[in-house]
Every structure is written in C-alpha cells, then in structure tokens.
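Notes follow the structure.
Quick note: the coordinates plus some simple rules give every number you see, no bench work behind them. Everything numeric in this text was worked out from a predicted model, so none of it was measured. Backbone-built Cβ (ideal geometry, glycine too); neighbour counts: all protein chains shown.
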Amino acid sequence: ARARALTSLAPLVSQQAHLWQMLWAESYADLIRAAPVNAVRRLLERLMPAFSWDWLALPERRVAALTDICRRAAATGVSLTVEAARAIDGLLAQDLADMLLPLLPLLQTPDKETHSLLQQWRTHTHTQVAAHACLLLAEADQLDVAAIPSLVSLLADANDRSRYRATRLLHIRYGSDRWKTHALGQGTVQALVDQQKVNQKDARVGTILFWAVTNRQHDDPELLQAWLSAAQTTGELSENANKWLSQIRYVNDGVWDFIQGQLWKQTPRLQKPLLESIYQILQQEESHPTREASLRPELHRLGQSPPEINGPDIHPIALRCLGWLRKPVNEDYQLLQGLLLNASPLTRTASTALADLAAWDDHDRRSAVADWLQNQTRAAVDDHRAVTLAAAWARIHVKASSVKPDFFPLEDLLDGLADLLNENVENMLEALWKAGADDIPWTEYHERLVHAARRLAAEQTSLISWLATRLETAMAGNDWEERRIALAFLAASAEVAAGAFASRTDPDRLESLLIRAIDDAHSFSVRRFALKALGHLRQVSPAIVPAIRLALRDVSKVQADALQSVTNFRRVEGDITPALIEGLKDESAAAAYAVALVLEALGRAETTQPEQRQAILEALADTVRDPSSQRDVYIWEDEAIRHLGRLDQLLHQIIVKLAEGISG
C-alpha cells in the first residue's frame, strides 16, 4: 500500500528525483524482504520503475543500464529471468564479461528456462562467470562434482554477497535432508571431502567445508565401504580415509547397521574412526533403544579391554560413547564407577562419561550418582582428583538443570563446589573449566558454566590472572576444547572485571595470544571468544586491524562478535594509521566497514587526542571521496544476508556523528 501511494505521488515529487529514488528504494526493500516465495519476489521486481534488459544490447546505454540494475537490486538481488539471461549471454558473446562483475553477485532464483544457458556459462573462461553459474545452479538443487571447486573459490571471494551465498549453500543444517550422500553421488561427496582436506588450515573456508561434510546425512553404505577399503590400504589414501570415516554424524538405519557391523570385524586401527563417528552419531539422537541395546556389549568389551590389546586410543573413545547412551542400565554405571574407584588413568574420561550418563537418567538415579561423586570428591587423596570428580558432579547438575524437577540455580552450583573443594576459588574455577572443556558443540550447558565463572571472577578478581595463565597453556597445546573454554571464561570475566583485566594481565602478551586465537582453524567458537576478549582489552594496535578484517570474512557468529567488539576500543597503541587506511580499502566492503567502526569508537573515546580525532576524520573523508567506496556493504547475520547500505554513505554517517561530537 505504501509503495502504491508513493507511485501515485510520483508526479508531485518529480523535481526531487533523488528523494523519490530513496523513498522508492526503501518501500521496495520493505516489500521484497517480506516476500515469502520466489514467485512473489519476481512479481514485486516487475513492479519496480521500468527498465529493460534489452538496453544491455545498446552500447550507448549498457553502462547506465547495468548501473541502474545494480542499484535497484542492491538490497534484495534480482531474478535471472529468460530476458535477463539472454541479455547477459549477449554481453558474454562480445567478451564483455568484466562489465558484468558488479551484477553477478546479485543474480539469483533463475527461471528453469535459463538453466541451459547457465550450464554453458559454467565452462566460461572467465572464472567469476563460471563460479556464479555454478552457484545459481546449485541453489536450484543442481550440484555435481564439477561445481565444487568453483563454489569453494567463492567461499574466499572478495565480494561479500557471493561469499555469503556460497556459505549458505554449503553450510547444510544439522541432519538436513537436502543433498543426502546417495543423491549427491560418491564423486561429489568425495570432492567436498578432498576440498576440506586442502583447506583444513584455513579458519574460514575450512570451517564451512567441515560443516558441509559432517552435517550431511549419510544414506549410502556403499560410499562408506569404499572409504573402508581405502582405509585398509597404506599411505596417504589410508590416512585420508581414516579421517573421512571419523566424521560421520547423521545416518539412516542402513548406514548405522553397516558401521556397527564393521565395528565388530575391524582391527583397532579401523575401529578408532568408526567409534569416533558412533560417538558423534549418538550425540545427535534423542533416544534409539534398539541401536543402544545392540551397541552396548561391544562398548563394554572395548571399554574394559587393556590398552595392550586394542591400543591406547580405543578405550577412551568407547567410554565417551557409553556416556551418550540415553537409556543407561546398571552395568553402565558399574563399569564407569569401577574405573573411578580403581584410580584409572582415564579418571577424567570416565568421570565425564558417568556425568553424561546420569544426566540422561531419571531424577533418582541422577541424585544417587551425584551423591556418590560428592563422597568420592571428599575422599580424594589430592586436589587434582578432587577437582576432576567435582567437575563431574557439576556437569551432572548443569546438564540436567533444564529437566524438571532438577533445575539447579547458579548459587547452588557455586555453594556446592565451595563445599566440595573447601572454598578454594582456583580449584572451583578449574572444576568449572574441566566441566566445560569437552568436544561437543557449544550449547546452553556451556553458557551456564560461563555464567558461573563470571560470578566467581566478579567476586575474586585475582582469578583473571589464573585464566590468562591457563589460556597461555591452552594456546601452546593441541586441544581446541581447552582453548575454547579458557577464552569463553576469560572474555566473560573481563566483561564484569574490566579493571582487573587490564591490571592483572600483560596486555601486549595477551593481545598476541588473542590474535593467534582469532585465526584458530579448529573452532569458530575459539575465534568468537577471542574477539570478545580482545574488545575488552580496549586498545588498538597495528596487529589488531588485520585480525578484525579477517573476522569479517568469517561465519556469521564470528562476524557478529567482531562488530560488537570493535565498539569497545578506546585507546591506540603505536602508529596504527597505515593499517587503518589500508583496512578502509579492503576488498571486502564488510571488512572496510568494520575498520570504520574501529575509527568511530576511537574518535568517540575521551582518551583520543584532538589531532588523532582530526586524522580519523580525514582518513574517513578521503575514503568517501574515493570512487571505490561506492560499493554495497553486506553482513552475514543470523545465517541471513543483510544489506546495510553503500559504504561511502555509511562512512559519511560516521563522519557526521564524529563531527557532531567534536562540535558538541
């Protein structure tokens, strides 16, 4: 209705063309954003002020026409209709592919009749044309092995919108039915796995490809048989196949039966990856009594076998699997409690599995196991054992706290730990740390532990030093789980004890550790929490700017934390002008915008000197005058692409805010 009203008023505001364009763009964007389906989206696009794709065929009009199309489509994209595809194909036939570069990221929802042209464009010599053709076809559920390299290239593309779309395409949701392994075919799945291996050290591309591989539902036992056959060979192929076999999370009954059947038959070397996958599969299921009943005897056998029989790796994985059985029986508890009573070297693994097992059980069983752990903690002969058992006690209560009637308030958790550990706050914090240093995806369970750590740090600020030391140890090790919980605790503690965070740590040393963590390829949560902690340092050095720019090329949650953290910066360390100026020209408009937010935060800070503030304004103004700033800024927010506006306009808004602050 608003758009129709504005259209009827068009003659009255024709002398104010710029205002009319802004009003129309705003109204159109509101309508198009609310469109529920592609058909409605296309209908709304046809309600826009008229333009014709045929204008691209006219040399004297095509530049203006392309500019106009890109301006109109900036917020919402534009459908690839038959008319559009023919016009674009005409430009490609004239070797004018470079002219189309601003348009390619905006093309979407292709008409079925355009698919034949898209198939031709997939082999175009211009890599951007070929990559975006693959993207459009894949978004229309036409994904094959030949498209994988092009899609992976877009994951590192300088254009934010293209990168986000490729991310959205490959980041299959947990257990999604889309593109099951049988439908994709072994070749396509294998291509994804191979690309993951190539990019595994790239924190951003590697994360998306890891999700693409592990979140896919396996419904093809023949694929697993091929991997198993490869794993039985020697050399690199065998090493790769072992890794592939250990990354299965979602299966149908046929694949489950295959994996479980192979578990009995294989040597310990091949049992290990199969058990790793079983461990992950069990985490995804609410309850599957039939599977659990058939799996339990083998888990008990492997969990009790001496290391010299099956090797040192099998025993702990079998115990971890046992902890995820949702219908535990007495024999499960007896096995785990027996290991703890005998002071097994696997005390931490067994205590964690015991806590997980009890957390799924009924109230009476949970209470009985919790009481047993309390007694064992009090009888512990040293602090290390006491802290490990107290961590298991905390894990039971925190994991089960959302299941009535076992809601366990934060105060009860901390009071209970204080009682078990003789009010030693460092031991209490370490128990929380051990309870959270696991390899399961970050959940509300971990957030509850973070809340408890935050409360302790607020009351005992000396714990900040303990956490900083623990982080340094974790960063020197190989366990990403320890880095994740250490950074989460540190960031949360800094939030409530900012003064202690600055005074009880070495800012330069800590900054170096946090910047390293921002490039951690093993866990995007490590990168998130490192950014949060970095923001609470409140200082900006030349090393921070590249880290922020990288974060804006990351997954959505990392981006969100990066944009939040930059608003906390308050002071400058060293000469950061060159780094900031370079950052404002980043190929990624989102990264350039994040650098501008750093400048805005510094410009507003009371500690910033007048000459520094003036330099900030001049750097922003120079960027606005640069034609390259006339590009659109998109961020990846809540797994959706959000258009913020054009970079030069956003920078102008920042300049106005800073200028108003100076004059005020």
ask   = Considering only helices (runs of 4 or more DSSP H) fully contained in segment 232-284, which possess at least 2 residues that are farther than 25 Å from Glu308 by Cα and free of Cβ contacts under 8 Å to residues at least 40 places away in the same chain?
value = 236-245, 253-265
request  = Please work out which one of (1) among the aromatic types (Phe, Trp, Tyr); (2) crowded, with 19+ Cβ neighbours inside 10 Å; (3) under 26 Å from the mean Cα position of the chain (by Cα) is the condition Phe501 fails and give its number.
outcome  = (3)
inquiry  = Quick test for you: out of Thr123, Thr76, pick the one residue that is of a type in the set (Val, Ile, Thr), on the phi < 0 side of the Ramachandran plot, free of Cβ contacts under 8 Å to residues at least 24 places away in the same chain and in a loop (DSSP other than H, G, I, E, B).
reply    = Thr123
ask   = Applying the selection to segment 84-142, what residues are more than 20 Å from Ala156 (Cβ to Cβ), under 28 Å from the mean Cα position of the chain (by Cα) and polar (S, T, N, Q)?
value = Gln108, Thr109, Gln142
Residues of segment 474-484 satisfying the condition of being in contact (Cβ under 8 Å) with a residue 12 or more places away in the chain and either crowded, with 21+ Cβ neighbours inside 10 Å or farther than 13 Å from Ala533 by Cβ (or both) = Ala474, Asp479, Trp480, Glu481, Glu482, Arg483, Arg484
ask   = Quick one: is Glu587 out of contact with any helix residue (DSSP H, G or I) (no Cβ under 7 Å at 6 or more places or on another chain), touching a residue at least 60 places away in the same chain (Cβ under 8 Å) and not in a helix (DSSP H, G or I)?
value = yes
task = Give Asp419, Asp412, Asp438 a once-over and let me know the one that is within 29 Å of Ile317 (Cβ to Cβ) and charged (D, E, K, R).
result = Asp438
message = Take Thr167 and tell me if it is buried (at least 21 other Cβ atoms within 10 Å of the Cβ), under 30 Å from Asn199 (Cα atoms) and of a type in the set (S, T, N, Q).
response = yes
remark   = If you go through Leu513, Leu467, the only one that is out of contact with any His (no Cβ under 7 Å at 6 or more places or on another chain) and touching a residue at least 40 places away in the same chain (Cβ under 8 Å) is Leu513
message = With basic (Lys, Arg) and closer than 22 Å to Ala350 by Cα as the only criterion, which of Arg484, Arg509, Arg448 stands out?
response = Arg484
message = Restricting to segment 194-223, give me the number of residues that are assigned to a loop (DSSP other than H, G, I, E, B), in contact with a helix residue (DSSP H, G or I) (Cβ under 8 Å, 6 or more places away or on another chain) and not polar (S, T, N, Q).
response = 5
